[in-house]
Every structure is written in C-alpha cells, then in structure tokens.
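Asker: I have a structure I would like to understand better, so I am pasting it below and will then ask my questions one at a time.
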C-alpha cells in the first residue's frame, strides 16, 4: 500500500473514533476487515496483529493510533 493511501486510511480511522485505548500502550482499532490490537512496547515500538503488519511491518492501524494519540495530547484539558 502506498504511503499516502496508508496515511489517508489512518486519518479516517482516527477521525471517525475507531481507535479505543484499552490500557497503557494497548489499543483496539476497528478496521475495514475486523478489529485489531495495536500495542506499544517499553521501547516505544508499535506492533499490530493484522495481516498487513505481520507481512510488511507497517499498517494503517498503527498510524491511526499514532494520529489519535497525537490529537488527544493536543487537546487542552
């Protein structure tokens, strides 16, 4: 998947509220073909259980989590 397409898909996932934090560093992302778990390890590296990540080591679900958490941090409290 081209990077621009991946980022556009991630943006849509993040903006439509399809990213849910389950615990510190663990998220559910409701994708187009199922619900996936994105986890961040102690080094800050993300992983996902979708086929795209398992095969190519990149996916829109991880990008969506990164966008959603960045947006969340930007909002004033």
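The values are calculated or read from the model by the stated rules, or taken from the named source; none is laboratory data. Quick caveat, the model's predicted, so the values are computed rather than measured. Glycine also receives a Cβ, built like all others from the backbone with ideal geometry; neighbour counts cover every protein chain displayed.
Asker: So which residues in segment 30-57 are in contact with a strand residue (DSSP E or B) (Cβ under 6 Å, 6 or more places away or on another chain) and modelled with pLDDT under 95, if there are any at all?
Answerer: Of everything in segment 30-57, nothing turns out to be in contact with a strand residue (DSSP E or B) (Cβ under 6 Å, 6 or more places away or on another chain) and modelled with pLDDT under 95.
Asker: Next question. Would you check which residues across segment 1-29 are touching a strand residue (DSSP E or B) at 6+ places or on another chain (Cβ under 8 Å) and at negative phi and list them?
Answerer: 13, 18, 19, 20, 21, 22, 26, 27, 28, 29
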